[in-house]
Amino acid sequence: MEVIHKIGRRKTAVARVYVAPGKGNMTVNKKDMAVYFPTATLQYKVNQPLAMTNNDGNFDITINVYGGGITGQAEAIRLGLSRAMCELDPENRSILKPEGLLTRDPRMVERKKFGQKKARKKFQFSKR
């Protein structure tokens with residue numbers, strides 16, 4: 001098996017996921033995954049596709065991620081890993097799809113409009 005390369009996105013975060021056969025090492029931006037994502041919630045999000053498809057410990061995963069915040073990055077990695085698991089075995093699609101792990105979340109920050117303070121907030125109105 002050669003290296004599988006997939007991309008996951010969430011808000012402004014972009015994650016490039018490289019999956020190769022190995023012992024289960026996961027590095028994010030040349031750091032250990034537990035160092036890069038210190039909280040258990042974020043680690044759970046990243047490991048979710050592997051746990052659901054019973055593949056934790058089977059692959060060495062290298063991830064390059066940039067943009068966005070730490071939660072957006074974790075969810076971008078989750079999407080990239082889910083796509084990689086589907087390429088490994090098409091059976092995994094039926095496991096991951098009902099959980100919503102293969103859906104690209106389209107929600108983005110709404111842009112600021114001119115003549116307003118923020119996207120929806122207006123400047124204070126003075127009647128007199």
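The values are calculated or read from the model by the stated rules, or taken from the named source; none is laboratory data. Being a predicted model, the structure only gives us computed values, none of them experimental. Virtual Cβ from ideal backbone geometry, glycine too; neighbours counted across all protein chains shown.
Summary table below
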read-out	value
Residue within the stretch 90-97 that is within 17 Å of Arg10 (Cβ to Cβ) and of a type outside the set (Gly, Ala, Ser) present	yes
Residue in the stretch 98-107 that is in a loop (DSSP other than H, G, I, E, B) and of a type in the set (Lys, Arg) present	yes
From the options Arg107, Arg128, Arg83, Arg78, residue that is exposed (fewer than 10 other Cβ atoms within 10 Å of the Cβ) and either touching a residue at least 40 places away in the same chain (Cβ under 8 Å) or touching a strand residue (DSSP E or B) at 6+ places or on another chain (Cβ under 8 Å) (or both)	Arg107
Any hit, the stretch 7-21, residues being of a type in the set (Ser, Thr, Tyr), touching a strand residue (DSSP E or B) at 6+ places or on another chain (Cβ under 7 Å) and farther than 18 Å from Met108 by Cβ	yes
Residue match in the stretch 44-56 (condition: at pLDDT 90 or above and closer than 20 Å to Thr12 by Cβ)	yes
Test: residue in the stretch 53-63 that is more than 14 Å from the chain's Cα centre (by Cα), under 30 Å from Met1 (Cα atoms), loosely packed, with under 12 Cβ neighbours inside 10 Å and in contact (Cβ under 8 Å) with a residue 12 or more places away in the chain	yes
Condition met for Gly100 (surrounded by 12 or more Cβ atoms within 10 Å (Cβ to Cβ) and of a type outside the set (A, V, I, L, M))	no
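One line per residue, one yes/no per condition, for (1) under 30 Å from Met1 (Cβ atoms); (2) loosely packed, with under 14 Cβ neighbours inside 10 Å; (3) among the β-branched types (Val, Ile, Thr):
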position: Val19; (1), (2), (3): yes, no, yes
position: Gly24; (1), (2), (3): yes, yes, no
position: Met33; (1), (2), (3): yes, no, no
position: Tyr36; (1), (2), (3): yes, no, no
position: Lys45; (1), (2), (3): yes, no, no
position: Val65; (1), (2), (3): yes, no, yes
